[in-house]
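Input: a single structure, listed below in structure tokens.
The values are calculated or read from the model by the stated rules, or taken from the named source; none is laboratory data. Note that this is a predicted model, so its numbers are computed, not measured. All Cβ positions, even for glycine, are placed from backbone atoms using ideal geometry, and neighbour counts span all protein chains on display. Note: accessible area is taken over every heavy atom of the protein model, side chains too, but ligands, DNA and RNA are not part of it. Shrake-Rupley method; radii C 1.70, N 1.55, O 1.52, S 1.80 Å.
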Amino acid sequence: MGLVPLVALSVGATLGTGIFVVLGQAAPVAGPAVAVSFVVAALAALFSALSYAELAGAVPLSGSAYSYAYATLGELVAWVCGWCLLLEYGVSVAAVAVGWSGYLNAFLQATVGFELPAAVSGDVVNLPAAVVVLLATAVLLGGARESALVTTVTTVLKVAVLLFFVAVAVFGFHQENLTPFAPAGVAGVTGAASLVFFSFIGFDAASTAGEEARDPQRDLPRAIVISLAVVTLVYVLVALTAVGAVGVGVLEGSDASLATVLERVTGASWPSVVLSAGAVVAIASVVLTVLYGQTRVLVAMSRDGLVPPVFARVGPRRVPTANTLIVGCVVAVLAALVPLGQLAEATSIGTLVAFALVNVGVIVLRRTRPDLPRGFRTPWVPVVPLLGVALCVLLVAGLAPVTWLAFGIWSVVGLVVYFAYGRRRSQLAQGE
């Protein structure tokens, strides 16, 4: 893959459920200042993205933050980071799939006047969410190049759909909808930033393709920074025009908030049909790209001996077949059974911990391997990585106690697995 497919992979993994769905959950927390919340979350992502970009050029391997931590901080920290990434990618795929189900229902209602029964679309089980995960699994089994082509096409489509939303919603913009701008003050802005950070998860997906990139040292850093810039601009435009058009109250609690905005602004159904159709395709592409990242992290961990070798076995099409099938089935079950809100917060905490470790990794690698060739150098080290760590800590602190409890349980399980299996069978242990 060259630069364009890598940018598409990264943008494609990011633009999706976050902006299409989470906006309706975050706007009541921050008020119109939710646009600022996106900027705060983007800053946390930016500092981490700069660190990702340096490590992606210096350590161009599959495995994203896990491989970087392994190269800089050692096996145990790498395991913790990889375990967090499994939470990030696996749970975020499930969350994205649940969001896809909501827009599918909105599209069906707007076009044929039919909605899937509540019992199979979220109240008891979410079958559409499970189906889209299994479809993405089937596409991934076709091969990396074919998956990249699908991702590039769908990424262009989703950017076009969101720009279409901005172009229509701006005609309903009313300045009074932006006052009071920050009714809950700084606490509301940071609290909403913790929620919308979920919208930025995925920009690091390009770094999982280190072994499938044509020129990883040059293209991976560029792809990460370019994709984050594109995503942040789109998010701020969408948030401002959405709140300015209808106010916070209309957005609150809507499973298809952007489609609702277009209906209110135009008084017609066709704009929301266009948006819902685009969202169905856009969100499905996020399922594809993030699922891809999950499988590549497991490949890297398996090669290091920390998880069973079945996850690294490659089939005739140079795809980790068993790995992809196992991950796809597990995530499909999660998507079918767990609500979106719980999935989004669990995704955020795993990601923020992994991002913090990447920032620390840049500082350590600068000291231990200053002569290592780097396709990109993070500016103002250690200030920028330390700011990245600080913002990650700030956003983690804004998450609910139940999310911390779930993360604590996940971490304990991970340590048990490491000491019972990974530590004894790892490449380092075999070398000793």
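Screening Ser64 on (1) of a type outside the set (Val, Ile, Thr); (2) buried (at least 24 other Cβ atoms within 10 Å of the Cβ); (3) more than 15 Å from the chain's Cα centre (by Cα); (4) on the phi > 0 side of the Ramachandran plot shows it passes everything except condition (3). When Tyr89, Tyr70, Tyr66 are checked against the criterion of being in contact with an Asp or Glu (Cβ under 7 Å, 6 or more places away or on another chain) and hydroxyl-bearing (Ser, Thr, Tyr), a single residue qualifies: Tyr70.
A single member of Arg377, Arg367 is touching a helix residue (DSSP H, G or I) at 6+ places or on another chain (Cβ under 9 Å), among the basic types (Lys, Arg) and over 22 Å from Phe38 (Cα atoms), and it is Arg377. Just one of the listed residues (Val330, Val310, Val362) is buried (at least 18 other Cβ atoms within 10 Å of the Cβ) and part of a helix (DSSP H, G or I), and it is Val362. Scanning segment 313-327 for residues that are in contact (Cβ under 8 Å) with a residue 60 or more places away in the chain and either closer than 30 Å to Ala400 by Cα or open to solvent by less than 10 Å² (accessible area, probe 1.4 Å) (or both) returns Val319, Thr324, Val327.
Within the option set Glu252, Glu263, being open to solvent by 40 Å² or more (accessible area, probe 1.4 Å), touching a helix residue (DSSP H, G or I) at 6+ places or on another chain (Cβ under 8 Å) and at pLDDT below 80 holds for one residue only, Glu252. Within segment 153-176, being open to solvent by less than 10 Å² (accessible area, probe 1.4 Å) and of a type in the set (Phe, Trp, Tyr) holds for one residue alone: Phe165. Out of all the residues in segment 404-411, is one or more closer than 23 Å to Leu298 by Cβ, of a type outside the set (Gly, Ala, Ser), modelled with pLDDT of 85 or more and open to solvent by 80 Å² or more (accessible area, probe 1.4 Å)? Looking through segment 404-411, at least one residue is closer than 23 Å to Leu298 by Cβ, of a type outside the set (Gly, Ala, Ser), modelled with pLDDT of 85 or more and open to solvent by 80 Å² or more (accessible area, probe 1.4 Å). The residue list Arg377, Arg367 contains one member that is open to solvent by 60 Å² or more (accessible area, probe 1.4 Å) and assigned to a helix (DSSP H, G or I), which is Arg367. Can you report the number of residues in segment 54-103 which are at pLDDT below 80, assigned to a helix (DSSP H, G or I) and under 18 Å from Arg369 (Cβ atoms)? Matching residues across segment 54-103 total 2. Of all residues in segment 1-44, those satisfying the criterion of being in contact with a Phe, Trp or Tyr (Cβ under 6 Å, 6 or more places away or on another chain), buried (at least 24 other Cβ atoms within 10 Å of the Cβ) and at pLDDT 85 or above are Ala33, Phe38, Ala41.
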